[in-house]
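Let me give you the structure first, and then I'll get to my questions.
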Amino acid sequence: MTDQPAIRPLTDAERYLFDLQGFVILRQVVPAAQIAAANTALAKIEALPTESLPKNVTLGAPRFPHDQYFSGVLDADPCFADFIDVPDVLAVIAALTGGMFRLNHAYSITRSTTGYTGLHMGGTPLVHQTHYGCVNGQLYSPLTKAVFPLLPCGPEDGCFAAIPGSHKSNFPRPWGNHPHENPPLVPVIADPGDAIIFSEAVAHGSMVNTSGRLRRTLYFCYSHSWMADWGSQNQRFTSELMARLPERRRRILALSDASGAAPAPVYAQGAAAAMTAR
Ligand SMILES: O=C(O)CCC(=O)C(=O)O
């Protein structure tokens, strides 16, 4: 893929922290103008009645005034496409997949008052699509999310939260799914412009919003390039969306087996280059 921009290798600190915790925070990797555009676009969608949502935008969960989950945000406004290929985010994703990744789906959550995301996932029981591993210093996470906070968000605002290290846990989590029931849960505090990259294998959810302040967050989920929507929503990138994206972004969304071809690295560098040089 010679026309793709260069992608940097992981730093030692990123590798160490991702392996140790199951997540890493990349500081200030998204420009302020991109964050502002996303806030404006989402505020417009949040104000629409459900029947007037943009074409192909669907509800990922029942909708309440204080809790709105929009799937298919890439179809909602062109500004969201700038989150597809944030270079520092792709550097981590490429290292976790041998370069053979795709954007699997993208969504947003806007929440206030008592909202929270219940805890889910963890190293055990095994979920085949998301199992985390590390072999001879090479990380492996076939399903990895980038969380982009669009507004300042602390623990009392219900920020993203995870149990560090639980992506490697050999035992099921012995507590319920409410954040308050899980003593080792930690808030993962990030600002607009930052990206939290986490393995879907880590036990994660959010803190409880007790401040009543608005929390607005984007989620871009990357998988192996041959994995169709892994979730229950059967999401597909629409042909309209694909048609308006430049080739370099279309390639990141493409399902690699659609043409019957063997998967190839999206970014042929580092671990990916080594894997294909046979
Ligand atoms: O940020 C949150 O509220 C948690 C989101 C989450 O659990 C997920 O996207 O899988």
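Readers should treat all values here as calculations from the given coordinates under stated rules, not as data from a laboratory. Everything numeric in this text was worked out from a predicted model, so none of it was measured. Cβ coordinates were reconstructed from backbone atoms using ideal geometry, including for glycine residues, and neighbour counts include every protein chain displayed.
Return the calculated 222 nm mean residue ellipticity for the chain, to the nearest 500 deg cm²/dmol, obtained by summing -39500 (n - 2.57) across DSSP H runs with n ≥ 4 and dividing by the residue count.
Result for the chain: -6000 deg cm²/dmol, rounded to the nearest 500.
Report the far tail of the P(r) of the chain, meaning the percent of Cα-Cα pairs longer than 35 Å.
12
Go through Ala36, Tyr107, Phe171 and say which Cα lies farthest out towards the positive end of the charge dipole of region 12-276; charges sit on Cβ, +1 for Lys and Arg, -1 for Asp and Glu.
Tyr107
Karplus couplings for region 98-109 from phi (6.51 cos²θ - 1.76 cosθ + 1.60, θ = phi - 60°), rounded to Hz, Gly and Pro as x?
x, x, 9, 10, 9, 6, 7, 6, 9, 8, 10, 10
Now for a separate question. Shape call for region 101-214 from the C-alpha gyration tensor, a ≥ b ≥ c root eigenvalues: rounded (a/c under 1.5), prolate (a/b greater than b/c) or oblate?
Because a/c hits 1.5 or more and a/b fails to exceed b/c, region 101-214 counts as oblate.
I want to check the label-to-label distance for Leu126 and Ala61. Put each point 7 Å from Cα in the C-beta direction and report it in nm to one decimal.
With each label placed 7 Å out from Cα toward Cβ, I get 2.9 nm.
Short version: ³J(HN,Hα) in whole Hz for each residue of region 26-31, in order, from phi by Karplus 6.51 cos²θ - 1.76 cosθ + 1.60 (θ = phi - 60°), x for Gly and Pro, what are they?
Per residue, the Karplus-derived 3J(HN,Hα) values read 9, 8, 6, 10, 10, x Hz.
Then there is this: Using 0.36 nm per residue, how much length does the chain from Arg27 to Asn136 gain when fully extended, once their Cα-Cα distance is taken away?
36.5 nm
Just rank His204, His224, fewest to most, by other beta-carbon atoms within 10 angstrom.
His224, His204
OK, next. Below 8 Å between Cα atoms, with a sequence gap of 6+, how large is the relative contact order for the chain in percent?
Over the chain, the number comes to 28 percent.
What ranking do 108-116, 171-179, 245-253 get when scored by the average of other Cβ atoms within 10 Å per residue, highest first?
Put in order of decreasing packing, that is 108-116, 245-253, 171-179.
Under 1.5 on a/c is rounded, so check that first for region 1-159, then, if it is not, pick prolate when a/b is larger than b/c and oblate when it is not; a ≥ b ≥ c are the square roots of the alpha carbon gyration tensor eigenvalues.
Prolate.
For Asp229 and Glu46, compute 0.36 nm times the residue count separating them, minus their Cα-Cα distance, and round to one decimal in nm.
Contour length minus Cα-Cα distance gives 63.5 nm.
What order do you get for Leu42, Leu26, Leu74 when you list them from fewest to most C-beta neighbours inside 10 Å?
Leu26, Leu42, Leu74
For Asp82 and Arg8 in the same chain, what is the full-extension length gain: residue separation times 0.36 nm, less their Cα-Cα distance, in nm?
Contour length minus the Cα-Cα distance gives 24.8 nm.
With +1 assigned to the C-beta of every Lys and Arg and -1 to the C-beta of every Asp and Glu, and no other charges, what is the dipole magnitude of region 12-276 about the Cα centre in debye, to the nearest 20?
In total the dipole reaches around 220 debye.
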